[in-house]
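Report on the following structure.
Values in this text are rule-based calculations from the coordinates and carry no lab data. Computed from a prediction, not measured in an experiment: that's the story for all the values here. Glycine also receives a Cβ, built like all others from the backbone with ideal geometry; neighbour counts cover every protein chain displayed.
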Amino acid sequence: MYHGQTTSKGPSNSTQIYQQPPRLLIVHIALPSWADLCSNLCEALQNFFSLACSLMGPSRMSLFSLYVVQNQHECILPFVQVKGNFARLQACISELRMLQREGCFRPQATSLQLAIKDGLQQFKQYSGHMTTSAALTYTSLEITVLTSQPGKEVVKQLEEGLKDTDIFRVRRLQVVEITKRVLECMDSASPVEEASNDESSVLGTDIDLQTIDNDIVSMEIFFKAWLHNSGTDQEHVHLLLPSRSFSDISRARDNPMCLKCDLQERLLSPSLLPGTADGSLRMDDPKGDFSTLYQMVSQSSASRYKLRVIKALKSSGVCESLTYGLPFILRPTSCWQLEWDELETNQQHFHALCHSLLKREWVLLAKGEPLSQGHSLREPASTFYVILPSRSPTLLVKAVATRELMLPSPFPLLPEDMPDDSRKTVESMLDDLELEPTYNPLQVWSHLYSHLSSTFAKPQGPLHPRWESRALRKAGPLQTNRVRATVAPLPMIPAPGRAPKMPAASKASSDVFFQPSMEEEEEADEEYPSGP
């Protein structure tokens, strides 16, 4: 989504790895086009901030401020922390909805530049009142101008108006032109369009120009880019490939080729969002959904979790990057409470479904229907699944992303022409890799068993001295690992005038039951030594 180089001006901190810089959004209003985009923009902002304010974990957005520019500039939201301020952000969006949509006014040529200068001054004042450690986080500001005017004209206007302005603390300044056309086909159109290379070269400035369509989804995706980790302080991952320059395998392993990469989320993990189906279920773990739901429905035979199939999809039309969580398997039930004829018919239909899906090369899209929520006015969040057939009589079920979870990923196509040196180097390394026709998880182990066993190992601490052991024994009975009888066998009632006799077997077993432990015998010898 971003074109042009960005630089991070703050120190690297592990707690701030996902935090974006403070943002200033300037809505450049022009009539009559404002009437066409007002509702879409406000709805997209409402949806985005409901998501951004709900994300658990470290805050991904720090500060946010909103200006509007009509005949003059106006700050309708000074800089505030995004997390924990949804009510204030919502009030700001409501105020934005109420702005004038009809009539005419003559905007001043300098209003937009004044809004940027005023926002910069406000940011400096806000940063000046922060503590030293917090101020390090707010060293630079990103400014976005949303406009329905021709983007190139707005850029030229800003170039001329800001040439004498100190914008050292501006990390990035971008102009986003909202086009008047609406997406006719959501499946084929790209919601975000980058400025072409020709346009960027014509501009020749540090101001980015971008265009988006006038619809809610396109604007949502644009705002969600603010949740990405776009920091450039350091790379995120090292991808190690064995180097062919070493004939020895151990040396090739110790000296691999290192490809340095950055991570980017494809979608938001639902585990970061509260308020799933019943307020407690985690949507990122379908298996966890079912185990929790099973506990809920076990008390009522009338309630069953339902997967309602809503449409079919081509098998080739489901991207693996859109699935998440742990998959689970469906098989024909063997519930003993069902009639035999019903079990047999159910199994036959299940097998027929698997055969038909394989023959058609289809998968199913299903919606999880949560259990009854009573008379709650709030609609619970739903989880969607893709159901894939297999050669065995089973169906694989995987949770699939929805619109709310998607993050932008506008990556260009791979270049067709590759440098010969890089291509030959990489191909030689790939040729050295062992190629297997399939992946067999039974031949791959992660040392999980030994790791789990080690978590239960007792710490080898110092032993208690003798006087501590004696003190513990005097305070109470010493607990040992040996099982002892706590109730003595009932004695036989002796005949009158005769002494009771214990059978030899009973005597032997009694000796076994009450035989002292080795530790007690050693301590008794030391405490009560016998004569020489």
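Some observations on this one:
- Distance violations [Cα-Cα > 27 Å] among K314/K367; K311/K359; K117/K180: K117/K180
- Contour excess over end-to-end distance, with Cα ends at D206 and S446 and 0.36 nm allotted per residue: 81.5 nm
- Applying D = kT/(6 pi eta Rh) to segment 327-419, where Rh is the Kirkwood radius over alpha-carbon pairs, T corresponds to 25 °C and eta to 0.890 mPa s, the Stokes-Einstein value obtained is 144 µm²/s.
- Each label point was placed 7 Å from the Cα along the Cα-to-Cβ direction; for R97 and T165 their separation is 3.1 nm.
- Under 5 Å from the amide H of T394 lies no amide H of any residue 5 or more positions distant or on a separate chain, with H modelled from the backbone and absent for Pro and chain starts.
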